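One structure below.
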Amino acid sequence: NAGVMQNPRHLVRRRGQEARLRCSPMKGHSHVYWYRQLPEEGLKFMVYLQKENIIDESGMPKERFSAEFPKEGPSILRIQQVVRGDSAAYFCASSRTQRETEAFFGQGTRLTVV
Amino acid sequence: AQSVTQPDIHITVSEGASLELRCNYSYGATPYLFWYVQSPGQGLQLLLKYFSGDTLVQGIKGFEAEFKRSQSSFNLRKPSVHWSDAAEYFCAVGPTGAAGNKLTFGGGTRVLVKP
C-alpha cells in the first residue's frame, strides 16, 4: 500500500507564474489536508478537503491560493502569480475518515520562487 | 488560540546518551498530542500520539513521551540515542478526533548526534 504521494518533489517557478502541487492520498483515504512549512518554521495548516468538498480553508491565504480534490484524481494546491514569499515546503496528509487518530504525511513539495 | 512551544531549537547529544525534547502547549479543550520526526528532505513520520489513558506513551524507534496536564507538557524521551536519530522533531496538538485537521505544530527541535 503506497503512502501519500506528492509531486513534484521540487518545483522552481519564476515570480508571476503559477504553481500546481499534486497530492495522491493513501488508498482508501478520502480526506486530505495541506500544510505549509516556511523556512526554519513548523508546519502551518492551510486547508482540509474531502472528495469534491472544501471542509475547512481557514488557513489558506485569501488571494492567489486555491485547492481542490476532485472525485477522480489527486488533490491539487494551486498558487497563482507566485511571489518569493511563497517559497516553502508544502505537505499533504490524508486519512480514511475525519475521526481517524492519525493522518499520514507525504514527503512534500519544495517550491522555490526565483 | 492553541499554540505549541518547543523551547530548544537545536540539541546536540552524543551517541548512546539520553535525549529529552521539551514541548509545551496551550489548548482550550482536551487535546490530541503528537510527536513527528522529519529526516532531511523527507516527510513527517509519526513517532507517537496521546489521546487519553496512561500518560506515558510508547512510540516507535524506542521513543516515549509523558503527558503532564498540570504542566501542559508532552516531553519526548529516548534512553539511548542512535546516529540515525539525527533529524528534526515536531510536537503537535490537534482537536479531539479530527485526524489531520488543524494540527498546530511547534517550531521544531533539530537534533544533532555526535559519534
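Observations on the model:
- Out of B:34, B:90, one residue alone is surrounded by 20 or more Cβ atoms within 10 Å (Cβ to Cβ) and either out of contact with any Phe, Trp or Tyr (no Cβ under 7 Å at 6 or more places or on another chain) or in a helix (DSSP H, G or I) (or both). It is B:34.
- Checking each residue in segment A:52-77 for being of a type in the set (D, E, K, R) and either exposed (fewer than 14 other Cβ atoms within 10 Å of the Cβ) or within 14 Å of chain B (Cβ to nearest Cβ) (or both) picks out A:52, A:56, A:57, A:62, A:63, A:71, A:72.
- Every pair of residues 6+ apart whose Cβ atoms lie under 6 Å, when the first sits in segment A:3-21 and is part of a strand (DSSP E or B) while the second is surrounded by 13 or more Cβ atoms within 10 Å (Cβ to Cβ) and among the aromatic types (Phe, Trp, Tyr): A:21/A:90
- Residue A:108 fulfils the conditions (1) under 10 Å from the mean Cα position of the chain (by Cα); (2) over 12 Å from residue A:35 (Cα atoms); (3) within 14 Å of chain B (Cβ to nearest Cβ) except for a single criterion, (2).
- For segment A:78-105, a residue qualifies if it is within 14 Å of another protein chain (Cβ to nearest Cβ), out of contact with any Gly (no Cβ under 9 Å at 6 or more places or on another chain) and assigned to a strand (DSSP E or B), and exactly one does: A:88.
- The condition (being touching a Pro at 6+ places or on another chain (Cβ under 8 Å) and within 11 Å of chain A (Cβ to nearest Cβ)) is satisfied by just one residue among B:38, B:2: B:2.
- Of all the listed residues (B:39, B:3), the sole one being out of contact with any helix residue (DSSP H, G or I) (no Cβ under 7 Å at 6 or more places or on another chain), over 22 Å from residue A:108 (Cβ atoms) and either surrounded by fewer than 17 Cβ atoms within 10 Å (Cβ to Cβ) or at pLDDT below 95 (or both) is B:3.
- Selected residue (criterion: farthest from residue A:51 (Cα to Cα)) from residues of segment A:1-38 that are among the small types (Gly, Ala, Ser) and more than 10 Å from every other protein chain (Cβ to nearest Cβ): A:16
The values are calculated or read from the model by the stated rules, or taken from the named source; none is laboratory data. In this text, all values refer to a predicted model and were calculated from it rather than measured experimentally. Don't worry about glycine lacking a Cβ; one is built from the backbone with ideal geometry, like all the others, and counts go over all protein chains shown.
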